[in-house]
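Below is one structure, written out as structure tokens; the observations come after it.
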């Protein structure tokens, strides 16, 4: 039965797979008193290469399941689903706070960029949909936004190949054209801000930083989403009160397939070991 005290209910977190565990990790750090239910739609990933209609259908099915768990808020910890399906989810659950990763990331990018030249990297669907581009320009009309799909980063993060020559070569290939110095007075200077528009990408933070240089501001959508979630829950008087929940009781993990792989790969994203028995397999 759902808690009668709405603030005591868990926060639902949704992603197509394990990448959203980086968002969950940031949420748990910032909101230590909260309980969480995380759903990874591992049977149907990746969302990043699917059509918009398919992403919307899958996202609504996952959200329905989380809402059925009695959550007090829904965090869409998937850049593709946030880019494509957030309006449909907000309409269906009009009385529920629904937070995506795109708007907080765009807001942070505009806040830190001095020049307005901002680069966004994400999956094919995120880049194609243009949600980050639109959100950034809506906040800063003179912004120059260049978005690049870096699909290989997803596989590298899940394989744990986040350092070494392969990761370095991929980062160089994707990012050097965005941040390398340019000759000629008529050429604009490089972007001064990079948005990590996929929840997998923070796992490659070291090699990304090595390519873009220390002078570039890097916006991590996990951290910005956690801050936005805290702010919204406070505004709606939905923050949990009382003592910090025990770690084991504070988190429920759901997946639609491959529980053992979810546990093994997800441990790197969550920052702690995950026992296979912690992962509940469900159908949507």
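One table, with the values for the structure above:
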| item | result |
| --- | --- |
| Helix 259-270 vs. the chain, principal-axis angle (Cα, 0 to 90°, nearest 10) | 60 degrees |
| Among 170, 143, 214: highest mean-square fluctuation, GNM of the chain, C-alpha pairs under 10 Å | 214 |
| Mean separation of Cα contacts under 8 Å, 6 or more apart, over the residue count of the chain: relative contact order % | 26 percent |
| GNM result for the chain, Cα springs below 10 Å: residue of 116, 259, 160 fluctuating most strongly | 160 |
| Helix axis angle, 21-30 relative to the chain longest principal axis, alpha carbon, degrees | 70 degrees |
| Extension gain (nm, one decimal) between residue 267 and residue 234, 0.36 nm per residue minus Cα-Cα | 8.9 nm |
| Residue 94/residue 134 FRET efficiency (R0 25 Å; Cβ-Cβ; nearest 0.05) | 0.65 |
| Between the stretch 258-284 and the stretch 1-76, the alpha-carbon center distance in angstrom | 14 Å |
| Cβ-based exposure ranking for 207, 75, in which fewest neighbours within 10 Å come first | 207, 75 |
| Cα→Cβ-extended label distance, 7 Å offset, between residue 215 and residue 115, nm | 0.8 nm |
| Rounded tilt (10° steps) of 52-68 against the dominant C-alpha axis of the chain | 30 degrees |
| Listed residues 237, 147, 171, most fluctuating in the chain (Gaussian network, C-alpha, under 10 Å) | 237 |
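Where a number appears in this text, it was derived from the coordinates with a stated rule and is not lab data. Just so it is clear, the model here is predicted, and its values are computed rather than measured. Note that each Cβ is placed from the backbone with ideal geometry, even for glycine, and that neighbours are counted across all protein chains shown.
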